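Everything below concerns the one structure shown next.
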Amino acid sequence: MLGAAALAAPPAVLIQGGDLHVALLASLACLATPGAAIEAMMGLARLALAVAPPPR
């Protein structure tokens with residue numbers, strides 16, 4: 001999970017308007033702490049819901 005979050009965090013940061021430095025920092029944070037990896041996955045889930053909301 002840490003590796004997947006470290007790979008997924010930079011694109012999520014960049015898509016949300018962050019710069020490359022913040023994206024790399026997010027990737028390193030995901031590798032360093034499991035809590036950051038969980039937050040990154042939650043951020044990706046929120047981003048996915050914002051882009052393609054579920055049908056009602």
- Can you pull the percent of Cα pairs in the chain with separation above 12 Å? 60 percent
- Can you give me the relative contact order of the chain as a percent, contacts being Cα pairs under 8 Å and 6 or more apart? 38 percent
- Query: Given a 1.4 Å probe and every protein chain left where it sits, what share in percent of the accessible area of the chain is carbon and sulfur?
  - Reply: 76 percent
- List the residues of the stretch 1-17 whose backbone N lies under 14 Å from a point placed 7 Å from the Cα of Leu31 along the Cα-to-Cβ direction. 2-10
- In Å², what does the accessible area per residue of the chain work out to with a 1.4 Å probe? 70 Å²
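The values are calculated or read from the model by the stated rules, or taken from the named source; none is laboratory data. Just so we're clear, the structure is a prediction, and the values are computed from it rather than from any experiment. We place every Cβ from the backbone using ideal geometry, glycine too, and count neighbours over all the protein chains shown. The area values use the complete protein model at the heavy-atom level, side chains included, leaving out ligands, DNA and RNA. Shrake-Rupley method; radii C 1.70, N 1.55, O 1.52, S 1.80 Å.
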